[in-house]
Amino acid sequence: MKMVVTQKIMPPWFADPQYGHFANERSLSADEIRTLVGWVNGGAQKGAAQDMPPVKEDFVEGWGIPAPDAVLRLPKPFSVPAAGVIDYQYAIVPTGFTEDKWVQMLEVRPTDRAVVHHIIAYLRERGSNYFKDQKPGVFFTAPPPKADEKTDTSALPSDFLVGYAPGQPAEILHPGEGKLIKAGSDIVFEVHYTPNGKPTTDQTRLGLVFAKTPPKERVLTLSASNGTFKIPPGDPNYKVDATFEVRKDVRLVALHPHMHARGKSFEYRLEFPDGKKETILSVPVYNWHWQLWYNLTDPIDLPQGTKIECTAHFDNSASNPENPDPSKSVIWGQQSWDEMMVGFFNLKFDAKMSPNELKAVEGAVHVH
């Protein structure tokens, strides 16, 4: 404990303090570190029983949220072999909701975290074309893009509900905020399994806590991504940019950079319609083992026409101890030895406004 707190390995927090203020910041102050070090040096003595805080009883069955109002799970346990490469697994799970549901707290929980690289739960509303011909309740893999398609495969569905990756806590929105799941919607689970030497099974669950009253503001997760890059062998500082242009007045509430093993740094900037620019998050030393959300202490008003700019740098050199193979060029891909460049963010806006107004120009969601 002394070693990891003095070297600031724990608790994990990677934001440069020069930029932005975050409600979930968990770095320790110099005084807190001195207190812990002094306690360790003094023999790590247990304190007085009467000073112990009460045991939290809000959380049940290991959930990081109160007892869920609804739990949706993969259709059956998925068998993960001891070795090999597993394509992304998808499963469509009907919610069975007969009325619209506003959700304030969401959590994805694998039953065996050791073999789960990440999970994304997408919403598929009634009538959607997303996997429209796919049967619910079974595992399947996504069809590969057609050879003549020119589309950027990095473009993610914009109906992202909630995700899971190591170190990522439950998503708990403020009172008065919510994510909307419309009646008749399905959940599309995308699961990336990574075998670790012994066979096992996983049947991931999604827990939902409904808002007690209809919220005034709706939260939507969108992203700026770039899948057109090709990182040269040995390049220690390869730069990739992506931009999202806001189509309506909204408020920015949270940020979530995503890369893989060669990820070196990530930065978010805003360019306002009047030309003003502001850096709102800098992660100078990216750690792909901790996929963190950075929740803004004060939401930022984004007038229509504001650009959310993201810049990532990648280290494909031999000096990167995480690098699977510095002799190879690296392109966008789903597996952990490939790379991704995604700047996720949460926007909130009047609950009466349709999110389609934000996506009026579909290409604007992923501009490179």
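Computed values, structure above
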item	result
Any hit, segment 21-38, residues being more than 30 Å from residue 283 (Cβ to Cβ) and either surrounded by 10 or more Cβ atoms within 10 Å (Cβ to Cβ) or not assigned by TED's automatic domain parsing to the domain that holds residue 108 (or both)	yes
Evaluation of residue 214 against (1) surrounded by fewer than 19 Cβ atoms within 10 Å (Cβ to Cβ); (2) more than 27 Å from residue 123 (Cα to Cα) (one fails), failing number	(2)
Residue within segment 300-316 that is assigned to a strand (DSSP E or B) and within 18 Å of residue 24 (Cβ to Cβ) present	yes
Count - residues of segment 21-43 that are farther than 30 Å from residue 267 by Cβ and touching a residue at least 24 places away in the same chain (Cβ under 8 Å)	4
Qualifying residue in segment 227-235 (condition: surrounded by fewer than 22 Cβ atoms within 10 Å (Cβ to Cβ) and touching a Pro at 6+ places or on another chain (Cβ under 8 Å))	yes
Residues of segment 11-20 satisfying the condition of being touching a residue at least 24 places away in the same chain (Cβ under 8 Å) and loosely packed, with under 12 Cβ neighbours inside 10 Å	18
Hits in segment 61-89 - residues which are assigned to a strand (DSSP E or B) and surrounded by 18 or more Cβ atoms within 10 Å (Cβ to Cβ)	72, 78, 80, 89
Test: residue in segment 177-195 that is crowded, with 21+ Cβ neighbours inside 10 Å, under 22 Å from residue 343 (Cα atoms), small (Gly, Ala, Ser) and modelled with pLDDT under 95	no
From 213, 201, residue being farther than 27 Å from residue 246 by Cα and free of Cβ contacts under 8 Å to residues at least 40 places away in the same chain	213
Which numbered condition residue 112 fails, given (1) without any contact (Cβ under 8 Å) to a residue 40 or more places away in the chain; (2) among the charged types (D, E, K, R); (3) surrounded by 12 or more Cβ atoms within 10 Å (Cβ to Cβ)	(1)
Selection from segment 92-142 of residues that are assigned to a strand (DSSP E or B) and of a type in the set (Ser, Thr, Tyr)	122
Which listed residue is hydrophobic (A, V, I, L, M, F, W, C), within 30 Å of residue 338 (Cα to Cα), buried (at least 16 other Cβ atoms within 10 Å of the Cβ) and not assigned by TED's automatic domain parsing to the domain that holds residue 299, from 220, 206	206
Only listed residue being at pLDDT 95 or above, over 23 Å from the mean Cα position of the chain (by Cα) and either buried (at least 17 other Cβ atoms within 10 Å of the Cβ) or part of a strand (DSSP E or B) (or both), chosen from 273, 326, 257	326
Scope segment 234-254; condition closer than 15 Å to residue 314 by Cα and in a strand (DSSP E or B); matching residues	238, 239, 240, 241, 242
Out of 348, 352, sole residue that is modelled with pLDDT of 95 or more and more than 21 Å from residue 265 (Cβ to Cβ)	348
Members of segment 178-233 that are under 23 Å from the mean Cα position of the chain (by Cα), in a loop (DSSP other than H, G, I, E, B) and either farther than 30 Å from residue 353 by Cβ or of a type in the set (A, V, I, L, M, F, W, C) (or both)	194, 195, 196, 203, 204, 211, 228, 229
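The values are calculated or read from the model by the stated rules, or taken from the named source; none is laboratory data. Please read all numbers here as calculations on a predicted model, not as lab measurements. Because the Cβ atoms are built from the backbone with ideal geometry, glycine has one as well, and the counts that use them run over all protein chains shown.
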